[in-house]
2 protein chains.
Amino acid sequence: MKRTTSEEYVKRLDALRNEMLAAGTDVYYVPGGDFHMSEYISDYFKCREYLSGFDGSNGEMVITKEGAFLWTDGRYFLQADEQLQGTGITLMKMGEPGVPKISDFIKDALHDGESLGFDGRCVPAYFYDIIKKKLGGADVAFVTDIDLVGNIWTDRPALPSGKAWILDDSYTGMSFDDKLTKVREKLAEDECDMLVLSSLDDIAWLFGFRGNDIDFNPVSLSYAVITSDKSVLYMDEEKAADIKDALTAKGIEIKGYEEIFCDLKAMDPALKVSLDRSVSNLKLTSSLPGNVKTVDKPSPTVLLKACKTETEVENERKAHISDGAALTRILYYLKKIQGTPELLEGKITELDVAEKLLSYRAEADDFKGESFAPIVATGAHGAIIHYEPTPETNVPVENNTLILLDTGGHYMRGTTDVTRTVSIGTPSEKMKKLYTAVLKGNVALSHTVFKKGTVGRTLDILARKPLWDLGYDYNHGTGHGVGYLLNVHEGPQNISTGVRTNGGTPFEIGMITSDEPGVYLPGEFGIRTENMMVCVPKIKNEFGEFYGFETLTMAPFDRDLIDVSMLTNDELEAVNRYHKDVYETISDLLPEEVKNWLCEVTKPLTR
Amino acid sequence: MKRTTSEEYVKRLDALRNEMLAAGTDVYYVPGGDFHMSEYISDYFKCREYLSGFDGSNGEMVITKEGAFLWTDGRYFLQADEQLQGTGITLMKMGEPGVPKISDFIKDALHDGESLGFDGRCVPAYFYDIIKKKLGGADVAFVTDIDLVGNIWTDRPALPSGKAWILDDSYTGMSFDDKLTKVREKLAEDECDMLVLSSLDDIAWLFGFRGNDIDFNPVSLSYAVITSDKSVLYMDEEKAADIKDALTAKGIEIKGYEEIFCDLKAMDPALKVSLDRSVSNLKLTSSLPGNVKTVDKPSPTVLLKACKTETEVENERKAHISDGAALTRILYYLKKIQGTPELLEGKITELDVAEKLLSYRAEADDFKGESFAPIVATGAHGAIIHYEPTPETNVPVENNTLILLDTGGHYMRGTTDVTRTVSIGTPSEKMKKLYTAVLKGNVALSHTVFKKGTVGRTLDILARKPLWDLGYDYNHGTGHGVGYLLNVHEGPQNISTGVRTNGGTPFEIGMITSDEPGVYLPGEFGIRTENMMVCVPKIKNEFGEFYGFETLTMAPFDRDLIDVSMLTNDELEAVNRYHKDVYETISDLLPEEVKNWLCEVTKPLTR
């Protein structure tokens, strides 16, 4: 792709300011999201990137008459600084001293009698609530039905037009009717008569389809409304062509994507609506009749979707066998290239490894694609937490360092997300010490027993403690939920210190969560060890119910990096038991030489 | 004391209803607290006990024309049920299904045109806020300047009249001026001009005195107001007699206890007031001019008081040496009476042990009394978490079981709170397993390193995990702050799951907190192991600042109860190192035979 010049961005901003003038808007806000507040977005929605050239995953802009400002977080300060060169756009480093929050900035930028504009379809209602509150009684108008970037973006990509497809109930073990009954029960608990859904994975889960509209996330652009007697899916006709008959047969009505706005305007205002203002766009909430009662809370689908059915868990176990075999083959490959001229001469790159791993995964009959952009990071790249190799950043796999692989796949049998860190050449004592500390954390978390009602922020320290004890830490969460052939990052549960998120959803049986402590030494190397785990019952007695985790991921740890003297007996036993499981579970799927290697590297470690 | 008959309580309620009629009050609320929302209260304030006979530490009453209702929590259901027999008072079991919250009950009990009465001096302002909010726009009057129980309580005890005394700065290492400067800095951060203080320990801390008004809590009934140029202590003249000169010399003005209400009414309404509505009584907040601006947050003294000075920490170390020696003597005594006829014939009771321990503690020159009512609990009594032996409950120390001692002392050099559980006779394997699990938790918490900013709810699982792993739990927090020659329970930090409290105050250097996991088997035995710890700096590097704990308590664990096979090498080493410390630190204070015994029981444990 031809790189856009900085002059071009200056021109675009000028053009946008003309549009602002024409629309009577003094301050224009460009969010980074799509109509559904998705984590990943399709190209159509990349307005901020079109306007600024900055293509990090987190960025929002405010354009005033005099200036243009872009907010992003610490992961992207360097990248944004570079990409914004010459554009005249001011980089606003989120969280840095003296840098205002975007809502405070907007408040201060607006004077009495002025107006704030944005595309209300791309802004969650709660953002509007915040701005509104900050402005207090100020005389400021909102213009929220304009897409000014769209007006100037002549070669804008089309909205995605992937076709949705049915995921048969035999894969998920729960029918639409059963899901609908549960959703309606939950609505009744809040005395709600109607649910407005706009999160794409929730809609796909509820109606039992998957889509092709967003890279890595098998979802389809759609909205949905559930009432006591109706279920309506709003999706473009062509997109719904292959699912229409099956859904109609289940009593689901399918209407055009945009028709939801008219339907909401025309709804019976006596109904009470359940709707989450943090994920519903402002155009949706503004379409509701003014006097309608609403309950602002997460959709009941969020928790229902997170608690996987027995069928889903059983399928996930199988998916992880295929996936573990593919991963084990790449681990074998990485060990075998040690010392070869090919490696030493720099002929094997990160992208080569990613491609090879993808080809192994793709051998599974039901492989549907990667679940996120693969991270294959050699040496110092491993210390960049969100690094992903691209043609621009790709480098040869280095010797005498570590390589970090954080990758995953979608299968009909579920979604995987796994990280292994491997030494190439001779690891240093520091590498072994830190790898073992990370492993201790991973094992402590996956093997703990905990009281029913426990939330992720309570468990986080189990993974972090071995690093804290040595004076190290990692600046990310310890675990996230994972969807079933859906988004690789899925709520509501997570495992984190709770500083950024409340970590407040208790674990429930069937929840699938990652366990991924790490440590990152800038300029040196990075380590992360990630397994996926499913929450299972453990003990029930007069002290209460206790849960624990079963590990789904099936791939060996790098024994070259384990300092056995740092492990307790319990930890050593846990690692040996896991390695035994891995061998017994996946070895039959491996080529003979890989199988023999796996047999060697999963033999019990001893003191 | 003669036991009051149930008929007498019925009469008291009738008399109260006459008072309600005279006062024009339809519903009367009797809280359980004093004017300062103290944890312990003096007899003057025991209105609920006078009215109902129920003497648990937690209880509130609502009296309507038709009925009388008493709320208490699960610890006291049995006791309340018994004590309320024949009184006609309905027991409201807090947290049980179908039992309304007291605020909901009050709301439902009031009809339009009716009035709610209570003594506004005994009710925190935030409770009034809650009731007011629940009532919405209902036409209900509040009568908050009546003490109807006081009207009928003919032989009511007097308000406590203990004399306050100066605690010299040499004990605390911080002058009044330094404290005042810090308080004023914090007030300035919130743009406040005035602080209204009503927590008795905060007032004692700030002005550098201690008192004699409440059992176990060395505080004096008082209020205080700090402005940019004045510091006023409101305390009865006689009570202040011994501190008046010293305080006046520091520029502190002393006024009568009740004068604060007039002073608040007459204050400059342009001043902005910092005041915590959860600990300030309604009479205080109602005295403020109607248009005065207030900031509702914890007083800055709370955090300042919690972070002990270097002098205080050094003194606490010394206090724990005296205290540990006393405790070690009782541990020796308990081991020596094993198998004796005296024990086997039931001639040694829980109260005997408590008395003997008190006599050992009292040998220290600067001993000021017990820091709370001692818990000495043999056998099944140990499973009652809040058990304390009284002449009514006292039993002989049993053989072949455990005895739990949770006791503490006040010294000029600080306050202690320590729990040891000891086997008498031959312990069972179950006792050893659970004792060792509790010990593992205690050691894991006291030895962890954690990132600056970490809150107690993050650390809680370290103490709880060894029990959870075995399917056990304890239904109380893991740690609480401890005052310096002040309240044995002190905020703002605590260590808990965060279900009941937010556990949201990060640890800071100098905070002193208890570490007290336990396990309780009703009808069998109870185990708790409690040490006090001070927060200390550990590591500072590019990953941040890391803190940890130094253990203050100096008394051996019961090696007869430790199953070494359950300990990791690190845990075994930690226990052995602690025992070595204990011996080296306190042995010179012990009588020869105790010293020899301590030498034996602190020898390294081996596998």
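What angle, in degrees between 0 and 90 and rounded to the nearest 10, separates the Cα long axis of helix A:429-447 from the longest principal axis of the Cα atoms of chain A?
Taking the Cα atoms of chain A, the angle to A:429-447 is about 70 degrees.
Could you give, in nm with one decimal, how far A:PRO289 is from each other copy of that position, shortest first, with labels 7 Å out from Cα toward Cβ?
5.0
Evaluate Rg over Rh across chain A, taking Cα atoms for both radii and Kirkwood's formula for Rh.
Dividing the radius of gyration by the Kirkwood radius yields 0.97.
Taking a quarter of the surface of the convex hull around the Cα atoms of segment B:525-607, what do you get in nm²?
7.6 nm²
Could you tell me how many degrees, from 0 to 90 and to the nearest 10, lie between the Cα long axis of helix A:125-135 and the main elongation axis, the longest principal axis, of the Cα atoms of chain A?
Result, in degrees: 60.
Cα to Cα, under 25 Å, and not fewer than 8 places away if on the same chain: which lysines meet these conditions relative to A:LYS356?
Here the lysines satisfying the reach criterion relative to A:LYS356 are A:LYS318, A:LYS335, A:LYS336, A:LYS347, A:LYS368, A:LYS595.
Is there a pair in A:LYS182/A:LYS230; A:LYS305/A:LYS440; B:LYS101/B:LYS132; B:LYS433/B:LYS580; A:LYS244/A:LYS297; B:LYS179/B:LYS451 whose C-alpha atoms are over 19 Å apart, and which pairs would that be?
A:LYS305/A:LYS440; B:LYS433/B:LYS580; A:LYS244/A:LYS297; B:LYS179/B:LYS451
Keeping to pairs on different chains or 8 or more places apart, tell me how many lysine pairs in segment A:1-98 have Cα atoms under 20 Å apart.
4
Can you list the residues, at least 5 places off or on another chain, whose amide H is less than 5 Å from the amide H of B:GLU370, using H built in the peptide plane?
Result for B:GLU370 returns B:HIS410.
For segment B:400-454 and segment A:78-142, what is the centre-to-centre distance using only Cα atoms, to the nearest Å?
Using only Cα atoms, the two centres lie 54 Å from each other.
How well do other chains shield peptide A:470-482, expressed as the mean number of their Cβ atoms within 10 Å of each residue Cβ?
The shielding value for this peptide is 2.
Whole percent per 10 Å bin, from 0 to the bin with the longest distance: what is P(r) over all C-alpha pairs of segment A:232-293?
In whole percents, the pair-distance histogram is 20, 43, 31, 6.
Check the straight Cα-Cα distances from B:LYS272 and name the aspartates and glutamates below 18 Å, setting aside those fewer than 8 residues away within the same chain.
B:GLU185, B:GLU189, B:ASP190, B:GLU191, B:ASP193, B:ASP229, B:ASP263, B:ASP296
For chain B, which longest stretch is free of loop sites, where a loop site is one of the GluC sites (Glu not before Pro) that DSSP puts outside H, G, I, E and B and that has at most 11 other Cβ atoms within 10 Å?
My reading of the result: B:393-541 is the longest stretch.
For A:LYS538, enumerate residues with amide H under 5 Å from its amide H, sequence gap 5+ or separate chain, H modeled in the peptide plane.
Amide H to amide H, under 5 Å and 5 or more residues apart or across chains, A:LYS538 pairs with A:PHE546, A:TYR547, A:GLY548.
Any idea which of A:ILE254, A:SER274, A:ASN315 is furthest toward the positive side of the dipole for segment A:252-333, if Lys and Arg beta-carbons carry +1 and Asp and Glu beta-carbons -1?
A:SER274
Starting from the Kirkwood Rh over alpha-carbon pairs, what translational D in µm² s⁻¹ does segment B:275-362 have by Stokes-Einstein at 20 °C and 1.002 mPa s?
This corresponds to a translational diffusion coefficient of 120 µm²/s.
Could you work out, residue by residue across A:457-463, how many beta carbons of other chains sit within 10 Å of that residue's beta carbon, and then give the average as an integer?
Per-residue shielding by partner chains comes out at 5.
If you plug each phi of segment B:449-464 into the Karplus form 6.51 cos²θ - 1.76 cosθ + 1.60 with θ = phi - 60°, what whole-Hz ³J(HN,Hα) values come out, in order, with x for Gly and Pro?
Ordered by residue, 3J(HN,Hα) equals 10, 9, 5, 3, x, 5, 9, x, 5, 6, 7, 3, 5, 4, 7, 8 Hz.
Which cross-chain or sequence-distant (5 or more) residues have an amide H under 5 Å from the amide H of A:GLU39, H modelled 1.01 Å from N in plane?
Residues meeting the criterion, in which the H sits 1.01 Å from N, do not exist here.
Could you pull the Cα extents of segment B:1-137 along its three principal axes, largest to smallest, in whole Å?
Principal axes ranked by extent give 46, 32, 30 Å for the Cα atoms.
What is the spin-label model distance, in nm, from B:ASP296 to B:SER57 if the labels are put 7 Å beyond Cα along the C-beta direction?
Spacing of the two 7 Å Cα→Cβ label points: 2.7 nm.
With only Lys, Arg, Asp and Glu charged, each at its Cβ (+1 for the first two, -1 for the last two), find how big the charge dipole of the protein assembly as shown is about the Cα centre; round to the nearest 20 debye.
I would put it at about 880 debye.
Using Cα pairs closer than 8 Å and at least 6 residues apart in sequence, work out the relative contact order for segment B:139-222, in percent.
The normalised contact order for segment B:139-222 reaches 35 percent.
Work from the charge dipole of chain B (Cβ charges, +1 for Lys and Arg, -1 for Asp and Glu, about the Cα centre) and give the residue of B:GLY544, B:VAL219, B:GLY24 farthest towards its positive end.
B:GLY544
Could you tell me how far the Cα centroid of segment B:53-74 sits from the Cα centroid of segment A:510-569, in Å?
About 49 Å separates the Cα centre of segment A:510-569 from the one of segment B:53-74.
Summing Lys, Arg as +1 and Asp, Glu as -1, what charge do residues with Cβ under 10 Å from the Cβ of A:HIS381 carry, A:HIS381 excluded?
-3
Give, to the nearest whole percent, the P(r) tail of segment A:1-64 beyond 17 angstrom, counting all Cα pairs.
On the way: 910 of 2016 pairs.
Result: 45 percent of Cα pairs exceed 17 Å.
In whole percent, what relative contact order does chain A give with Cα contacts below 8 Å and a gap of six or more residues? All intermediate terms of the calculation are to be shown ahead of the outcome.
Numbers: 1272 pairs, mean separation 64.3, N = 607.
Taking the mean separation of contacting Cα pairs over the length of chain A, I get 11 percent.
Taking the simple approach of a point 7 Å from Cα along Cα-to-Cβ for both B:GLU355 and A:LYS134, what is their distance in nm?
6.9 nm
From the backbone phi of segment B:326-333, what are the Karplus-calculated ³J(HN,Hα) couplings (6.51 cos²θ - 1.76 cosθ + 1.60, θ = phi - 60°) in whole Hz, Gly and Pro given as x?
4, 5, 4, 5, 6, 5, 4, 4
Tell me the trypsin sites (Lys or Arg not before Pro) within segment B:483-591 that lie in a loop according to DSSP and have at most 12 other beta-carbon atoms within 10 Å.
Those satisfying the criteria are B:ARG500.
Below 14 angstrom from the Cβ of A:VAL449, what's the summed charge of the other residues (Lys, Arg +1; Asp, Glu -1)?
Overall, the nearby charge balance is +2.
Could you work out [θ]222 nm for the protein assembly as shown from helices alone, using -39500 (n - 2.57) per DSSP H run of at least four and dividing by all its residues? Round to the nearest 500 deg cm²/dmol.
So the calculated ellipticity at 222 nm is -10500 deg cm²/dmol.
Return the sequence-ordered ³J(HN,Hα) values of segment B:184-191 in whole Hz as given by the Karplus equation 6.51 cos²θ - 1.76 cosθ + 1.60 applied to θ = phi - 60°, using x for Gly and Pro.
Coupling constants for segment B:184-191: 5, 4, 5, 4, 4, 4, 9, 6 Hz.
Project the alpha carbons of segment A:463-607 onto their principal axes and report the range along each, largest first, in whole Å.
In descending order, the Cα extents are 46, 40, 36 Å.
Taking the inverse of the average 1/r across all pairs of different Cα atoms in the protein assembly as shown, what Kirkwood radius in Å do you get?
Taking every pair of different Cα atoms in the protein assembly as shown, averaging 1/r and inverting gives 34.2 Å.
So, counting K/R as plus one and D/E as minus one, what does the shell of residues with Cβ under 15 Å around A:TYR171 add up to?
Net charge around A:TYR171: -1.
No lab work stands behind these numbers, since they all come straight from the coordinates. Every value quoted in this text rests on a predicted model; they were computed, and no experiment measured them. In this analysis, Cβ positions are derived from the backbone assuming ideal geometry, glycine residues included, and neighbour counts consider all displayed protein chains.
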